[in-house]
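Asks: The structure is given below, and queries will be raised subsequently.
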Amino acid sequence: MIYPAKDTFIHMAAQALQQGNVVAFPTETVYGLGANALNAEAVAKIFEIKQRPFFDPLIVHVDSLNMVQQVVATLPDIALRCMEAFWPGPLTLVLPKSNSIPEIVTAGLDTVAVRMPQHEVAQKLIQASGVPIAAPSANPFGYLSPTTAEHVAKQLGDKVDIILDGGKCPVGVESTIIKIERDAITLLRHGGIPLEEIEAVAGKVNIIKHTQVEAPGQLPYHYAPKTKIVLIKDITNIPDDSSCAIILYKKRDLPFKNIHTMYLSDNGDMRQAAANLFTCLHALDAMKLAVIYAEEIPEVGLGQAIMDRLKKAQARHS
Ligand code: TXA
Ligand code: MG
(Lines give C-alpha, C1' and ligand atoms only; values in the text may rest on other atoms or scores of the structure.)
(Ligands and ions follow the chains in the order given, each with its own letter.)
Protein backbone atom coordinates (compact mmCIF):
# COMPACT_ATOMS: atom_id res chain seq x y z
CA MET A 1 0.00 0.00 0.00
CA ILE A 2 1.13 3.58 -0.67
CA TYR A 3 1.68 5.80 2.38
CA PRO A 4 2.54 9.51 2.27
CA ALA A 5 6.12 9.96 3.46
CA LYS A 6 5.19 11.66 6.74
CA ASP A 7 7.23 11.03 9.87
CA THR A 8 4.70 8.58 11.33
CA PHE A 9 4.79 6.41 8.22
CA ILE A 10 8.56 6.70 7.89
CA HIS A 11 8.77 5.33 11.43
CA MET A 12 6.36 2.55 10.62
CA ALA A 13 8.53 1.67 7.61
CA ALA A 14 11.68 1.79 9.77
CA GLN A 15 10.08 -0.68 12.16
CA ALA A 16 9.21 -2.99 9.32
CA LEU A 17 12.86 -2.89 8.23
CA GLN A 18 14.01 -3.70 11.75
CA GLN A 19 11.64 -6.67 11.75
CA GLY A 20 13.23 -8.04 8.59
CA ASN A 21 10.64 -6.84 6.11
CA VAL A 22 11.00 -5.04 2.83
CA VAL A 23 9.76 -1.50 2.09
CA ALA A 24 9.81 0.68 -1.00
CA PHE A 25 11.02 4.25 -0.57
CA PRO A 26 11.97 7.27 -2.67
CA THR A 27 15.52 8.37 -3.36
CA GLU A 28 16.59 11.30 -5.52
CA THR A 29 17.40 8.89 -8.38
CA VAL A 30 14.68 6.22 -8.47
CA TYR A 31 12.52 4.38 -5.92
CA GLY A 32 14.35 1.65 -4.00
CA LEU A 33 13.19 -1.66 -2.56
CA GLY A 34 14.94 -1.79 0.79
CA ALA A 35 15.83 -4.28 3.48
CA ASN A 36 18.20 -4.27 6.47
CA ALA A 37 21.58 -4.81 4.78
CA LEU A 38 22.88 -6.67 7.84
CA ASN A 39 20.08 -9.28 7.71
CA ALA A 40 20.63 -11.91 4.99
CA GLU A 41 17.10 -13.31 5.19
CA ALA A 42 15.54 -9.89 4.83
CA VAL A 43 17.76 -9.19 1.82
CA ALA A 44 16.73 -12.52 0.27
CA LYS A 45 13.15 -11.18 0.14
CA ILE A 46 14.31 -8.42 -2.21
CA PHE A 47 15.67 -10.96 -4.70
CA GLU A 48 12.48 -12.98 -4.47
CA ILE A 49 10.19 -9.99 -4.99
CA LYS A 50 12.22 -8.59 -7.89
CA GLN A 51 12.97 -12.02 -9.37
CA ARG A 52 16.51 -10.81 -9.46
CA PRO A 53 19.31 -13.32 -10.10
CA PHE A 54 21.52 -13.86 -7.06
CA PHE A 55 24.63 -12.97 -9.06
CA ASP A 56 23.51 -9.33 -9.17
CA PRO A 57 24.73 -7.48 -6.05
CA LEU A 58 22.85 -4.67 -4.28
CA ILE A 59 23.73 -1.10 -3.31
CA VAL A 60 23.91 -0.40 0.43
CA HIS A 61 22.47 2.98 1.46
CA VAL A 62 23.98 4.83 4.41
CA ASP A 63 23.32 8.09 6.23
CA SER A 64 26.72 8.87 7.77
CA LEU A 65 30.43 8.30 7.54
CA ASN A 66 30.14 6.12 10.64
CA MET A 67 27.78 3.85 8.81
CA VAL A 68 30.11 3.72 5.78
CA GLN A 69 32.86 2.52 8.07
CA GLN A 70 30.60 -0.23 9.32
CA VAL A 71 30.09 -1.42 5.75
CA VAL A 72 33.50 -1.11 4.04
CA ALA A 73 36.89 -2.56 5.00
CA THR A 74 39.03 0.33 3.78
CA LEU A 75 38.38 3.91 2.81
CA PRO A 76 41.05 5.19 0.42
CA ASP A 77 41.65 8.95 0.18
CA ILE A 78 40.26 9.07 -3.31
CA ALA A 79 36.98 7.59 -2.05
CA LEU A 80 36.80 10.18 0.70
CA ARG A 81 37.33 12.93 -1.85
CA CYS A 82 34.46 11.62 -3.96
CA MET A 83 32.21 11.32 -0.92
CA GLU A 84 32.99 14.88 0.11
CA ALA A 85 32.27 16.18 -3.36
CA PHE A 86 29.15 14.20 -4.26
CA TRP A 87 27.49 12.90 -1.09
CA PRO A 88 24.73 12.92 -0.27
CA GLY A 89 23.86 12.32 -3.92
CA PRO A 90 23.66 9.98 -6.92
CA LEU A 91 27.15 8.47 -6.77
CA THR A 92 27.76 4.87 -5.71
CA LEU A 93 31.24 3.73 -4.69
CA VAL A 94 32.36 0.11 -4.91
CA LEU A 95 34.89 -0.60 -2.16
CA PRO A 96 36.28 -3.61 -0.29
CA LYS A 97 33.50 -4.94 1.95
CA SER A 98 33.57 -5.45 5.71
CA ASN A 99 32.51 -8.69 7.39
CA SER A 100 29.27 -7.20 8.66
CA ILE A 101 27.77 -7.32 5.16
CA PRO A 102 26.32 -10.73 4.29
CA GLU A 103 27.39 -12.40 1.05
CA ILE A 104 23.93 -12.24 -0.44
CA VAL A 105 24.16 -8.44 -0.57
CA THR A 106 27.36 -8.50 -2.63
CA ALA A 107 26.66 -11.70 -4.58
CA GLY A 108 29.74 -13.23 -3.06
CA LEU A 109 32.07 -10.45 -4.26
CA ASP A 110 34.62 -9.07 -1.84
CA THR A 111 33.48 -5.55 -2.64
CA VAL A 112 30.35 -3.66 -1.64
CA ALA A 113 28.54 -0.80 -3.39
CA VAL A 114 27.68 2.10 -1.05
CA ARG A 115 25.82 5.33 -1.49
CA MET A 116 24.45 8.13 0.68
CA PRO A 117 21.17 9.25 -0.86
CA GLN A 118 20.19 12.89 -0.91
CA HIS A 119 16.44 12.40 -0.66
CA GLU A 120 15.14 13.52 2.72
CA VAL A 121 12.79 10.55 3.06
CA ALA A 122 15.57 8.06 2.34
CA GLN A 123 17.82 9.77 4.87
CA LYS A 124 15.10 9.80 7.54
CA LEU A 125 14.33 6.15 6.89
CA ILE A 126 17.95 5.07 7.32
CA GLN A 127 18.26 7.20 10.46
CA ALA A 128 15.05 5.88 11.98
CA SER A 129 15.88 2.25 11.26
CA GLY A 130 19.48 2.67 12.48
CA VAL A 131 20.84 0.19 9.93
CA PRO A 132 22.31 0.41 6.43
CA ILE A 133 19.65 -0.36 3.84
CA ALA A 134 20.35 -2.65 0.89
CA ALA A 135 18.18 -1.52 -1.98
CA PRO A 136 17.98 -2.08 -5.71
CA SER A 137 15.54 -0.13 -7.82
CA ALA A 138 11.96 -1.15 -6.97
CA ASN A 139 11.08 -2.81 -10.28
CA PRO A 140 10.98 -6.37 -11.58
CA PHE A 141 14.47 -7.33 -12.78
CA GLY A 142 15.31 -5.86 -16.17
CA TYR A 143 12.25 -3.59 -16.40
CA LEU A 144 12.12 0.20 -16.22
CA SER A 145 13.08 1.75 -12.90
CA PRO A 146 10.25 3.47 -10.98
CA THR A 147 10.34 7.23 -10.48
CA THR A 148 6.98 7.53 -8.69
CA ALA A 149 5.25 5.57 -5.92
CA GLU A 150 2.55 4.66 -8.45
CA HIS A 151 5.12 2.98 -10.70
CA VAL A 152 6.16 0.81 -7.74
CA ALA A 153 2.57 0.00 -6.83
CA LYS A 154 1.77 -0.96 -10.38
CA GLN A 155 4.75 -3.30 -10.74
CA LEU A 156 5.17 -4.73 -7.25
CA GLY A 157 2.13 -3.55 -5.30
CA ASP A 158 0.92 -7.06 -4.47
CA LYS A 159 4.31 -8.02 -3.06
CA VAL A 160 5.31 -4.95 -1.04
CA ASP A 161 3.29 -3.94 2.01
CA ILE A 162 4.72 -0.46 2.49
CA ILE A 163 5.48 1.99 -0.30
CA LEU A 164 6.50 5.42 0.98
CA ASP A 165 5.37 8.14 -1.39
CA GLY A 166 7.84 11.01 -1.67
CA GLY A 167 6.64 12.25 -5.05
CA LYS A 168 8.54 12.12 -8.31
CA CYS A 169 12.27 11.42 -8.08
CA PRO A 170 14.13 14.65 -8.91
CA VAL A 171 17.15 13.10 -10.68
CA GLY A 172 15.25 10.33 -12.45
CA VAL A 173 18.14 8.08 -13.51
CA GLU A 174 20.07 5.73 -11.23
CA SER A 175 23.31 6.65 -9.52
CA THR A 176 26.64 6.66 -11.30
CA ILE A 177 28.69 3.67 -10.09
CA ILE A 178 32.46 3.78 -9.78
CA LYS A 179 34.81 1.15 -8.45
CA ILE A 180 37.78 2.30 -6.42
CA GLU A 181 40.92 0.19 -6.24
CA ARG A 182 43.91 1.83 -4.59
CA ASP A 183 44.29 4.98 -6.70
CA ALA A 184 42.38 3.83 -9.75
CA ILE A 185 38.75 4.60 -10.51
CA THR A 186 36.70 2.57 -12.96
CA LEU A 187 33.27 3.55 -14.22
CA LEU A 188 30.77 0.69 -13.91
CA ARG A 189 27.57 2.56 -14.78
CA HIS A 190 26.73 6.02 -16.11
CA GLY A 191 24.20 7.81 -13.92
CA GLY A 192 23.12 10.91 -12.05
CA ILE A 193 26.62 12.36 -11.61
CA PRO A 194 28.22 13.01 -15.00
CA LEU A 195 31.61 11.42 -15.61
CA GLU A 196 33.16 14.82 -16.32
CA GLU A 197 32.31 16.01 -12.80
CA ILE A 198 33.95 12.98 -11.21
CA GLU A 199 37.08 13.45 -13.30
CA ALA A 200 37.26 17.09 -12.22
CA VAL A 201 37.42 15.96 -8.59
CA ALA A 202 39.27 12.65 -8.74
CA GLY A 203 41.28 12.62 -11.96
CA LYS A 204 41.06 10.17 -14.81
CA VAL A 205 38.36 7.51 -14.68
CA ASN A 206 38.93 4.25 -16.53
CA ILE A 207 36.07 3.07 -18.64
CA ILE A 208 36.03 -0.59 -19.43
CA LYS A 209 33.33 -2.74 -20.88
CA HIS A 210 32.58 -5.06 -18.03
CA THR A 211 31.17 -8.50 -17.55
CA GLN A 212 27.73 -8.95 -16.10
CA VAL A 213 29.09 -10.09 -12.77
CA GLU A 214 30.90 -6.79 -12.29
CA ALA A 215 27.74 -4.77 -12.83
CA PRO A 216 24.65 -6.36 -14.32
CA GLY A 217 23.33 -2.87 -14.99
CA GLN A 218 25.93 -3.28 -17.74
CA LEU A 219 24.07 -6.16 -19.38
CA PRO A 220 23.45 -5.30 -23.03
CA TYR A 221 19.73 -5.06 -22.34
CA HIS A 222 18.20 -3.72 -19.15
CA TYR A 223 15.97 -0.87 -17.97
CA ALA A 224 13.61 -1.90 -20.74
CA PRO A 225 9.93 -1.24 -21.37
CA LYS A 226 7.86 -4.03 -22.93
CA THR A 227 7.27 -1.95 -26.04
CA LYS A 228 9.87 -1.96 -28.77
CA ILE A 229 12.18 1.07 -28.59
CA VAL A 230 13.95 2.44 -31.63
CA LEU A 231 16.60 5.15 -31.31
CA ILE A 232 16.83 7.55 -34.23
CA LYS A 233 18.97 10.49 -35.26
CA ASP A 234 16.73 11.97 -37.92
CA ILE A 235 13.08 12.01 -36.95
CA THR A 236 11.75 13.28 -40.25
CA ASN A 237 11.25 9.79 -41.67
CA ILE A 238 9.27 8.09 -38.93
CA PRO A 239 5.70 6.99 -39.66
CA ASP A 240 3.03 9.43 -38.50
CA ASP A 241 0.96 6.62 -37.04
CA SER A 242 -1.17 6.50 -33.90
CA SER A 243 0.23 3.08 -33.01
CA CYS A 244 3.62 4.75 -32.47
CA ALA A 245 5.14 7.37 -30.23
CA ILE A 246 8.13 9.63 -30.49
CA ILE A 247 10.13 10.86 -27.52
CA LEU A 248 11.84 14.12 -28.34
CA TYR A 249 14.82 15.48 -26.51
CA LYS A 250 13.46 19.03 -26.65
CA LYS A 251 10.08 20.54 -27.26
CA ARG A 252 9.35 21.87 -30.73
CA ASP A 253 6.66 22.01 -33.37
CA LEU A 254 6.56 19.07 -35.74
CA PRO A 255 4.44 18.33 -38.79
CA PHE A 256 3.05 15.10 -37.28
CA LYS A 257 -0.68 14.62 -36.69
CA ASN A 258 -1.16 11.11 -35.38
CA ILE A 259 1.94 9.85 -33.67
CA HIS A 260 2.01 10.34 -29.88
CA THR A 261 4.62 12.90 -29.00
CA MET A 262 6.43 13.42 -25.72
CA TYR A 263 9.21 15.79 -24.76
CA LEU A 264 11.96 15.07 -22.26
CA SER A 265 12.76 18.75 -21.84
CA ASP A 266 11.46 22.20 -22.76
CA ASN A 267 14.69 23.43 -24.31
CA GLY A 268 17.39 20.82 -23.98
CA ASP A 269 18.08 20.92 -20.24
CA MET A 270 19.73 17.55 -19.51
CA ARG A 271 18.62 17.45 -15.89
CA GLN A 272 15.04 17.92 -16.87
CA ALA A 273 15.43 15.27 -19.57
CA ALA A 274 16.90 12.74 -17.13
CA ALA A 275 14.19 13.43 -14.56
CA ASN A 276 11.49 12.80 -17.16
CA LEU A 277 12.99 9.77 -18.90
CA PHE A 278 11.53 6.82 -16.97
CA THR A 279 8.24 8.63 -16.27
CA CYS A 280 7.84 9.15 -19.98
CA LEU A 281 8.72 5.52 -20.83
CA HIS A 282 6.34 4.17 -18.17
CA ALA A 283 3.49 6.28 -19.55
CA LEU A 284 4.12 5.24 -23.15
CA ASP A 285 4.64 1.57 -22.24
CA ALA A 286 1.19 1.54 -20.61
CA MET A 287 -0.33 2.57 -23.95
CA LYS A 288 0.76 -0.73 -25.54
CA LEU A 289 1.98 0.85 -28.76
CA ALA A 290 3.75 -0.92 -31.61
CA VAL A 291 6.92 1.16 -31.46
CA ILE A 292 8.33 3.96 -29.34
CA TYR A 293 10.84 6.03 -31.28
CA ALA A 294 13.36 7.99 -29.25
CA GLU A 295 15.43 10.81 -30.57
CA GLU A 296 19.16 10.45 -29.85
CA ILE A 297 20.57 12.77 -27.22
CA PRO A 298 24.06 14.32 -27.20
CA GLU A 299 26.28 11.96 -25.19
CA VAL A 300 27.81 14.51 -22.87
CA GLY A 301 27.16 15.03 -19.15
CA LEU A 302 23.89 13.41 -18.07
CA GLY A 303 23.25 12.65 -21.74
CA GLN A 304 25.53 9.64 -21.30
CA ALA A 305 23.28 8.13 -18.62
CA ILE A 306 20.15 8.87 -20.64
CA MET A 307 21.55 7.32 -23.84
CA ASP A 308 22.82 4.30 -21.88
CA ARG A 309 19.27 3.59 -20.64
CA LEU A 310 17.75 4.12 -24.09
CA LYS A 311 20.30 1.88 -25.82
CA LYS A 312 19.70 -0.90 -23.30
CA ALA A 313 15.96 -0.56 -23.71
CA GLN A 314 16.41 -0.82 -27.49
CA ALA A 315 18.70 -3.85 -27.17
CA ARG A 316 15.96 -5.95 -25.57
CA HIS A 317 14.09 -6.10 -28.86
CA SER A 318 16.97 -6.34 -31.30
O1 TXA B 1 20.29 5.16 -7.93
C2 TXA B 1 20.49 3.99 -7.62
O3 TXA B 1 21.64 3.48 -7.66
C4 TXA B 1 19.29 3.15 -7.20
C5 TXA B 1 18.74 3.72 -5.89
C6 TXA B 1 17.65 2.88 -5.31
O7 TXA B 1 19.80 3.89 -4.97
N8 TXA B 1 19.65 1.78 -7.04
C9 TXA B 1 19.95 0.98 -8.10
O10 TXA B 1 20.21 -0.33 -7.73
O11 TXA B 1 19.98 1.36 -9.24
P12 TXA B 1 20.23 -1.52 -8.77
O13 TXA B 1 20.31 -2.74 -7.95
O14 TXA B 1 19.10 -1.42 -9.69
O15 TXA B 1 21.60 -1.34 -9.50
C16 TXA B 1 22.78 -1.56 -8.79
C17 TXA B 1 23.91 -1.89 -9.68
C18 TXA B 1 23.79 -3.26 -10.32
O19 TXA B 1 24.08 -3.16 -11.69
C20 TXA B 1 24.86 -4.06 -9.59
O21 TXA B 1 25.41 -5.03 -10.39
C22 TXA B 1 25.87 -3.00 -9.22
O23 TXA B 1 25.09 -1.93 -8.86
N24 TXA B 1 26.67 -3.43 -8.05
C25 TXA B 1 26.27 -3.59 -6.78
N26 TXA B 1 27.27 -4.03 -6.02
C27 TXA B 1 28.35 -4.14 -6.80
C28 TXA B 1 29.70 -4.57 -6.59
N29 TXA B 1 30.14 -4.98 -5.40
N30 TXA B 1 30.54 -4.56 -7.64
C31 TXA B 1 30.10 -4.14 -8.86
N32 TXA B 1 28.83 -3.75 -9.13
C33 TXA B 1 27.96 -3.75 -8.11
MG1 MG C 1 17.85 -1.57 -11.19
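Asks: Out of residues 5 or more away from Val112 or on other chains, whose amide H comes under 5 Å of its own, with H placed 1.01 Å from N in the peptide plane?
Replies: Those qualifying (amide H under 5 Å, at least 5 residues apart or on another chain) are Leu95, Lys97.
Asks: Next up: Can you compute the FRET efficiency between Ile208 and Ala283 using 1/(1 + (r/R0)^6), with r the Cβ-Cβ distance and R0 = 25 Å? Round to the nearest 0.05.
Replies: Values: r = 35 Å, r/R0 = 1.39.
Between Ile208 and Ala283 the formula returns 0.10.
Asks: On a 0 to 90° scale, report how tilted helix 40-50 is relative to the longest principal axis of the chain, with both axes built from alpha carbons and the result rounded to the nearest 10.
Replies: 10
Asks: Residues with amide H under 5 Å of Ile185's amide H, sequence separation 5 or more or different chain, H placed in the peptide plane at 1.01 Å from N; which?
Replies: Amide H to amide H, under 5 Å and 5 or more residues apart or across chains, Ile185 pairs with Asn206.
Asks: Same structure again: In whole Hz, with x marking every Gly and Pro, tabulate ³J(HN,Hα) for the stretch 104-119 from phi via Karplus 6.51 cos²θ - 1.76 cosθ + 1.60, θ = phi - 60°.
Replies: Using θ = phi - 60°, the values come out as 4, 5, 9, 6, x, 6, 8, 10, 10, 8, 10, 7, 9, x, 8, 5 Hz.
Asks: Let me ask something additional. Residues of the stretch 224-245 with amide nitrogen under 14 Å from the 7 Å Cα-to-Cβ point of Lys257?
Replies: 240-242
Asks: Rounded, prolate or oblate: which one fits the stretch 265-318, using the alpha carbon gyration tensor with axes a ≥ b ≥ c (rounded when a/c is under 1.5, else prolate when a/b beats b/c, else oblate)?
Replies: Numbers: a/c = 2.26, a/b = 1.40, b/c = 1.61.
Judged from the Cα gyration tensor, the stretch 265-318 comes out oblate (a/c at least 1.5, b/c at or above a/b).
Asks: Counting each pair of different Cα atoms once, what's the Kirkwood radius of the stretch 226-318 in Å, rounded to one decimal?
Replies: The answer is 13.1 Å.
Asks: Tally the DSSP beta bridges in the chain and give the antiparallel ones as a percent, rounded to 5. Before the final figure, lay out each step's value.
Replies: Numbers: 18 of 48 bridges.
Counting only bridges with both partners in the chain, antiparallel ones make up about 40 percent.
Asks: Let me ask another. Run the accessible area of the chain with a 1.4 Å probe and give the carbon-and-sulfur part as a rounded percent.
Replies: Values: 6760 of 13310 Å².
Roughly 51 percent of what the probe reaches on the chain is carbon or sulfur.
Asks: If the cut-off is 12 Å between C-alpha atoms, which aspartates and glutamates fall inside it for Lys233, apart from same-chain ones fewer than 8 positions away?
Replies: Glu295, Glu296
Asks: How would you classify the stretch 244-291 from its alpha-carbon gyration tensor, with a ≥ b ≥ c the square roots of the eigenvalues: rounded for a/c under 1.5, else prolate if a/b is greater than b/c, otherwise oblate?
Replies: On the way: a/c = 3.50, a/b = 1.21, b/c = 2.88.
Because a/c hits 1.5 or more and a/b fails to exceed b/c, the stretch 244-291 counts as oblate.
Asks: Across the stretch 34-187, how many lysine pairs separated by 8 or more positions, or lying on different chains, have Cα atoms within less than 25 Å?
Replies: 17
Asks: Using the basic label-point model (7 angstrom from Cα toward the beta carbon), what is the Leu231 to Glu103 distance in nanometres?
Replies: So the two model labels end up 3.8 nm from each other.
Asks: Semi-axes of the stretch 86-165's equivalent ellipsoid from the Cα gyration tensor, sqrt of 5 times each eigenvalue, largest first, rounded to whole Å? Don't skip to the answer; put the middle values down first.
Replies: Values: eigenvalues 108, 54, 34 Å².
Working from the Cα gyration tensor, I get semi-axes of 23, 16, 13 Å.
Asks: Next question. Treat each spin label as a single point 7 Å out from the Cα along the C-beta direction, and report the Lys154 to Ser243 distance in nm.
Replies: If labels sit at Lys154 and Ser243, their model points lie 2.2 nm apart.
Asks: Using only alpha-carbon positions, what ratio does the radius of gyration of the chain give when scaled by 2.2 N^0.38 Å?
Replies: Numbers: Rg = 19.1 Å, N = 318, 2.2 N^0.38 = 19.6 Å.
Computed over Cα atoms of the chain, the ratio equals 0.97.
Asks: Between Met1 and Lys168, what's the calculated FRET efficiency when r is the beta-carbon distance and R0 is 25 Å? Round to 0.05. Show your work: numbers first, answer last.
Replies: Working: r = 19 Å, r/R0 = 0.77.
Between Met1 and Lys168 the formula returns 0.85.
Asks: Next question, about the same structure. So with the 1.4 Å probe, I'd like the accessible area per residue for the chain, rounded to whole Å².
Replies: Result: 42 Å² per residue.
Asks: Here is a follow-up. So what's the back-of-envelope 222 nm ellipticity for the chain, counting only DSSP H runs of four-plus at -39500 (n - 2.57) apiece and dividing by all residues, rounded to 500? Each step should come with its number before you reach the end.
Replies: Values: 10 runs with 100 residues, N = 318.
-9000 deg cm²/dmol, from helical runs alone.
Asks: Between exposed chymotrypsin sites (Phe, Trp or Tyr not before Pro) in the chain, where DSSP calls loop and at most 13 other Cβ atoms lie within 10 Å, what's the longest gap? Mind dumping the intermediate values first?
Replies: On the way: sites that count: Phe54, Phe55.
Answer - 56-318.
Asks: Additional query: Whose amide H sits under 5 Å from the amide H of Thr92, counting only residues 5 or more places off or on another chain, with H placed in the peptide plane?
Replies: Here the answer is Thr176, Ile177, Ile178, since their amide H atoms fall under 5 Å of that of Thr92.
Asks: Between rounded, prolate and oblate, where does the stretch 106-215 land on the alpha carbon gyration tensor, with a ≥ b ≥ c its root eigenvalues, rounded for a/c under 1.5, else prolate if a/b exceeds b/c?
Replies: Values: a/c = 1.81, a/b = 1.70, b/c = 1.06.
It is prolate, given that a/c is not under 1.5 and a/b is the larger ratio.
The values are calculated or read from the model by the stated rules, or taken from the named source; none is laboratory data. The structure presented is a predicted model; accordingly, all values stated were derived computationally and were not measured. Glycine gets a Cβ as well: all are built from the backbone with ideal geometry, and neighbour counts include every protein chain shown. What goes into the accessible areas is simple: the full protein's heavy atoms, side chains included, and nothing from ligands, DNA or RNA. Shrake-Rupley method; radii C 1.70, N 1.55, O 1.52, S 1.80 Å.
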